[in-house]
Every structure is written in structure tokens, then in C-alpha cells.
Amino acid sequence: MTYVKSLVCRSCFEEYPIEPLNVCEMCFGPLEITYDYESIRKNISRESIEAGPFSVWRYDAFLPVSRENAVDIGTGFTPLTKAENLGSRLGLNNLYIKNDSVNPTFSFKDRPVTVTATKALEFGFDVLACVSTGNLMGSVAAHGAKAGMKTIVFFPENLEQSKQVSASIYGPVMVAVDGNYDQVNRLGSELADNRNWAFVNINMRPFYAEGSKTLGYEIAEQLGWKSPDNCIVPAASGELYTKIWKGLKEFSDVGLINQPSTKMFLAQPQGCSPIVSAYIADQKIVPPVIPDTLAKSLAIGNPASGPFALETISETNGAAVATPEEEIVAGIELLAETEGIFTETAGGVVVSSLKKLAENGDIGPDEVTIIFITGNGLKTQEVVTGGVKLVKTGPTFSEFEDLIGSEANF
Amino acid sequence: MSVLIRIPTPLRRLSNGQEKVEVSSGSLESVIDSLEQSFPGIKGRLCDDQGALRTFVNIYIDGEDVRFLEGINTQVKDGSEISIVPAVAGGMN
């Protein structure tokens, strides 16, 4: 069963019934799902959650759809791994990696999409669509395939080849748009207005956004029903960042964990860091920028959840950090070399931001810190192909031995 | 001597269901004022009490975000097309 109450405007608090609707008619603010937390508190316990499936669906009491008819390809309950090697490199004794690159389509996007695809079927849609910087479209295409829905995905045509391949294999209509993500997004918004499609991150956005809260629930449960001291989260629209915090707060509101005192840190690449700029300038709104970054998955210059991300930073005494473009690849390499996890560019941004926060003393050495690795490195291989260094040898023992002898550093 | 405004779904109740509306050219502010004369209440949805564009309202003139132009003071030329688009986003990662 679900505990959903209504849709409410995050800006002016106007209330709406549960429909495929994402914009407040009064002020254009985004809509958000509300729940009957009193009933959740009465009916849901740590034990009832622990008895659920090992996926995001163990938390369906906090989602807008129940698990019975879930379009489920096995999303969530991803590993929370203690990062001893990276931690010792950075002087952090309690560093953890939430490795969401091992989801079915190799990014955290499966969380919002499994929820949205399920709700879209319930609403009776037969087309699942999205605008995407890459990861989302793979997830939409996969869940659409599982649900037996048609899928159509819109993306900037300069997108990494591997992200295009990782979506096309599921058979969606692939629309490459001559423009940047913000332009693709605008096209999608106008299309969503005129077509009867479930655009997962447009007209279905309130349902979609809820899926990301499961990252907050999982880390709390995996830490033994506790909240961490610090979270470092990559940001494009800022939605994931605000939803991890919402997840922790909801768990505390219904008594599953103590009140969190987590500091929420937001990470963006220098070439697209509108939220960081607004944070530094102490503004309440986020002036848009034209993205120019290696981290294409974070290349949203006009982040809709920007104002809410700024609120979360201030509510949690967190901060926003921009990673210089030239340090993104170094971050990817550092994580791979120390922890055996190959992440995409967004993960490189997170690891480099972590390094900076640790060096500046913004994170204490014994504090429990979690970095969110949200996508798999194979999707952005282009940025690291230059790092392939070969030792060439003939196929015989002696040829190899000769080589070793001549290679002092081997 | 007019400009075309595309009306998004959330405002169509105010525009009597019309998806496209033509008004006289001028500054964006005057265009919004003309819209208000035809469809009372619509300005309050787009602008706050001080007359500034609301945070979650994106306006594009011939595809250009007015925040990269001169905002509400941007001159809208004859024959231009204005889109009013809610600030939704997504695709993070």
C-alpha cells in the first residue's frame, strides 16, 4: 500500500490531487509528493523494512507507488563500502563509498526511473520518454522494455558514444538534438505539454524525484540505522542532492533514525557550477550559465532544483564545491587506483571535491563521510583513453624476461 | 506589428484554452502587460509582486533565454516568438 496524500508546490504550497502534473499553476514552482507520515510511523518499522526485498522497493511506504506492480529490473540496495585505501590517502578514517554505478543500467538513475515507469503504467501511459544527459536515457529505455512500453529519448547530439550505445540496445527512438542539455530540456518541456507521453523528468517529475530518496534511506540502514556526518553528492539539477537529504529527514520524522546532523556537500565541475557560484555569492536563486565541462552528465546550466539545493546547504551547514576541470580525470583515476571502482566523470568530480574538503579540514578525520558514486566509468571511457599505457612484448618467456630487465620501474 | 506567444498548459485555463496568442511588440514587460489586458490574472502567474519574473518561469525569445538578454526589459521585435516554459530540469547524471 502507499501513504501518498497529494502534490504540493515546493514554492507556494498550493495543493493538487495526484496526477501526471509537475508545475504549479499559480507560480510555476515544481510540485512534490506529500505523504501521511503519521500512518507510516504507526505501520513501518526497521524490522518491516528489513523483511522487504533487497532493492529500492523495500522502502515503498515512502514512495508514490507500491511494490506489487513494480517495473523492477533489480535497482537499489547497492553496496556501501568502507574506503580504507582512499581514506588513508586523504587522512579520513571513516570514509565510505555508496557505489550506485552497479545498478542495472549502471547509474543511480534506475532509482527514479523504476518508480516513474511503475507510476506511468498505473496512469495508463503507453509511451515513456525523457530528456537526458546520458544515464537517464539508458535507464528509461531499459525500464520501458521491461514494462512493454514504447520509449523515446532526447539528448544533446555531442553525447558520449558509449552512453548512446547503452541506451540504443534496448530499442528506444533516439532523438539527437542539435543543442545543449538546457535546449533539449526546453524542447522536452514543450513536447510534454502537447503529447500524451510520460516524460519521466518533466510531467512525471514529482514521482521521478521521489526515487532518489532511496539513496538516503539505504545509507542510513546500511550504517546501522544512523545518519552519516557528511555526504558529498554530485549536482546537475540539484534534485538528487536535495532528495538524499529529504530521505534522511523522513526517516527521522517517522522515528527510524535520530535527527540527522549530516552536513550535505554539493559538488559540481568548474565548467558548469551555477549552484556553487550562487552559494559563494550568497544568493537565493541560481543564475543560469552555459555549460562547458568534461562532466557531461552534470552539464545542466539552468538547474531547476538550484534554489532548493541552496536551502539544503544552509539547513545542514554544508557547502558547495567546484572541481577544476583538469582534476576530474585525476579523481576518476584516484578512485580506481585506491578502491577498484571505475566511475564516470561525475564520480571524478565527487572524488576531487572530497580531496579538497579533506585538505581544507572541512571534513574531520574521524567523521563518517559518504561519497556518492552515481555512474559507471565505462560510459565515459573517452576521457581516460589517453591513460592507456602498454608494455609491449613478444610471446616468448625470454622476450618478456628481457623486457622486465630493461624496465627499471616495472 | 505583433509577436507570437506560446501559452503553456498551466496558463491555458487563463487563456481560455488558447495555445498561441498574438500581442503588440515592445519590451517584454509591455508584452506581458498586453497579455494581462487580454487575460486578467496571467501577469501574476509570471511575475512576483515587484514585477520581476518569478524564479521558476523561463521565458525564451526566439529560443534565447531572456536571462541571457536583458530580462524583462528585453525588446521583443516584430515577428518574434516567445515561449513561456516552466523551469523543470532533470538528467542529472
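Oblate is the label for region A:109-210, because the ratio a/c of its alpha-carbon gyration tensor axes (a ≥ b ≥ c) is 1.5 or higher and a/b is not greater than b/c.
Annotation: extensible slack from A:Ala281 through A:Ser48 equals 79.4 nm (criterion: 0.36 nm per residue apart, minus Cα-Cα distance). Does any residue of region A:14-32 lose at least 30 Å² of accessible area with all protein chains in place compared with its chain alone, and if so which ones (probe 1.4 Å)? Buried by the other chains: A:Val23, A:Glu25, A:Met26, A:Cys27, A:Phe28. Between region A:338-361 and region A:253-268, how many Å separate their Cα centres? Cα centroid of region A:338-361 versus Cα centroid of region A:253-268: 21 Å apart.
Label sites at A:Leu378 and A:Met26, each approximated as a point 7 angstrom past Cα along Cα to Cβ, lie 4.9 nm apart. Does chain A come out rounded, prolate or oblate by the C-alpha gyration tensor, with a ≥ b ≥ c the root eigenvalues, rounded set by a/c under 1.5 and, if not, prolate when a/b is larger than b/c and oblate if not? Taking the square roots of the gyration eigenvalues as a ≥ b ≥ c, chain A is prolate. A Cβ-based charge dipole, computed about the Cα centre of region A:109-210 with Lys and Arg at +1 and Asp and Glu at -1, lands at about 260 debye.
Annotation for region A:193-245 versus region B:45-77: alpha-carbon center distance of 29 Å.
Ranked by the mean number of other Cβ atoms within 10 Å per residue, highest first, peptides A:184-197, A:37-50, A:98-111, A:163-176 order as A:98-111, A:184-197, A:163-176, A:37-50. Placing R0 at 56 angstrom, the Cβ-Cβ distance between A:Asp126 and A:Asp402 gives a FRET efficiency of 0.30 after rounding to 0.05. Summing +1 for each Lys or Arg and -1 for each Asp or Glu among the other residues whose beta-carbon sits under 11 angstrom from that of A:Phe106 gives 0. In the protein assembly as shown, the calculated helix contribution to ellipticity at 222 nm averages -10000 deg cm²/dmol per residue, counting -39,500 (n - 2.57) for every DSSP H run with n ≥ 4.
Proximity of backbone amide H atoms, modeled 1.01 Å from N, is registered between A:Gly76 and A:Val56 at under 5 Å, excluding neighbours fewer than 5 places apart on the same chain.
Averaged over the residues of A:232-241, the number of partner chain Cβ atoms lying within 10 Å of the residue Cβ comes to 3.
Net charge dipole, the protein assembly as shown: roughly 960 debye, given to the nearest 20, about the Cα centre with Cβ charges of +1 for Lys and Arg and -1 for Asp and Glu.
When the accessible areas of B alone and A alone are added and the area of the pair subtracted, with a 1.4 Å probe, the result is around 3000 Å², both sides summed. Contact order, relative form, for region A:109-210: 34 percent (alpha carbon pairs under 8 Å, 6 or more residues apart, mean separation divided by residue count).
In chain A, taking the dipole from charged Cβ atoms about the Cα centre, the farthest positive-side position among A:Tyr181, A:Ala198, A:Asn43 is held by A:Asn43. Amide H contacts under 5 Å for A:Gly301: A:Asp182, restricted to partners 5 or more places along the chain or on a different chain, H placed in the peptide plane at 1.01 Å from N. Compute the acute angle (0 to 90°) between the alpha-carbon long axis of helix A:328-339 and the principal axis of greatest extent of the alpha-carbon atoms of chain A; round to the nearest 10°. That helix lies at roughly 80 degrees to the long axis. Averaged over peptide A:181-194, the number of partner chain Cβ atoms lying within 10 Å of each residue's Cβ comes to 5. Subtracting the Cα-Cα distance of A:Asn360 and A:Trp225 from their residue separation scaled by 0.36 nm leaves 45.7 nm. Taking amide H as placed 1.01 Å from N in the peptide plane, the amide H of B:Ile7 sits under 5 Å from that of B:Lys20, B:Val21, each at least 5 places away or on another chain. Computed over region A:241-379, relative contact order equals 22 percent, with contacts defined as Cα pairs under 8 Å that lie 6+ residues apart.
Take the Cβ atoms of B:Met1 and B:Gln50, set R0 to 30 Å, and the FRET efficiency comes out at 0.55.
For region A:154-224, the dipole from Cβ point charges (+1 on Lys and Arg, -1 on Asp and Glu) about the Cα centre works out to 120 debye, to the nearest 20. The packing ranking, built from the mean of other Cβ atoms within 10 Å per residue, places the peptides A:295-302, A:145-152 in the order A:295-302, A:145-152, highest first.
Summing +1 for each Lys or Arg and -1 for each Asp or Glu among the other residues whose beta-carbon sits under 9 angstrom from that of B:Ile5 gives 0. When only Cα pairs below 8 angstrom with a gap of at least 6 residues are kept, region B:2-86 shows a relative contact order of 39 percent.
Pairing the Cα long axis of helix A:213-222 with the longest principal axis of chain A, what angle in degrees results, from 0 to 90 and rounded to the nearest 10? Its long axis makes an angle of about 60 degrees.
The GNM of chain B, with springs linking C-alpha atoms under 10 angstrom apart, assigns the highest mean-square fluctuation among B:Gly71, B:Gly26, B:Gly51 to B:Gly51. Give me the angle, in degrees from 0 to 90, between the Cα long axis of helix A:239-253 and the longest principal axis of the Cα atoms of chain A, rounded to the nearest 10. It works out to around 60 degrees.
Within 10 Å of the Cβ of each residue in A:129-138, the mean number of Cβ atoms contributed by other protein chains is 2.
Highest mean first, the peptides A:230-243, A:350-363, B:33-46, A:127-140 sorted by other C-beta atoms within 10 Å per residue fall in the order A:127-140, A:230-243, A:350-363, B:33-46. Model label sites at A:Ser314 and A:Arg89, defined 7 Å from Cα along the beta-carbon direction, differ in position by 3.6 nm. Let me make sure I get this right: for region B:2-86, a, b and c are the square roots of the gyration tensor eigenvalues over alpha carbons, sorted descending. Under 1.5 in a/c it's rounded, otherwise prolate if a/b > b/c, else oblate. Which is it? It comes out rounded by the Cα gyration axes.
The values are calculated or read from the model by the stated rules, or taken from the named source; none is laboratory data. Because the structure is predicted, anything quoted here is derived from the model rather than measured. All Cβ positions, glycine included, derive from the backbone under ideal geometry; neighbour counts span all protein chains shown. The protein model used for the area step is the full one, side chains on, heavy atoms only, and it has no ligands, DNA or RNA in it. Shrake-Rupley method; radii C 1.70, N 1.55, O 1.52, S 1.80 Å.
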